[in-house]
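The values are calculated or read from the model by the stated rules, or taken from the named source; none is laboratory data. None of these values were measured; they are calculated from a predicted model. When we count neighbours, we look across all protein chains shown, and the Cβ atoms used for this are built from the backbone with ideal geometry, even at glycine. The area values use the complete protein model at the heavy-atom level, side chains included, leaving out ligands, DNA and RNA. Shrake-Rupley method; radii C 1.70, N 1.55, O 1.52, S 1.80 Å.
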Amino acid sequence: MSLTNITTPATMALGIRGISLRRVSSRRWRVLEQTGRVVGHLRVEATSQGERFHAERFDLAAARMREVGAFWSPREAVECLRYLR
């Protein structure tokens, strides 16, 4: 599933209960719980093998985004963030 053409949050739920995505930029989405708590970010990168989906979280001590994994599907990346909370 490619997220690059999807713009509405309702279609971006990816079938994961209690999780929604909000577009931040053309290649980045904020991953939110039902309560509105930010779980992390999903970033898309185009590679020669296809799109890679990067799960990222904000590292407060370093004041930057830190990648926690790279996946071939957006669902796997979001599941990674969900289980790390």
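Counting heavy atoms of the protein chains alone, Glu33 has an accessible area of about 30 Å² for a 1.4 Å probe. Here the spin labels are modelled as points 7 Å beyond Cα on the Cα-Cβ line, and at Arg22 and Ala46 they lie 2.8 nm apart.
Potential lengthening of the chain between Ala62 and Gln34 amounts to 7.3 nm, from the contour at 0.36 nm per residue minus the alpha-carbon distance.
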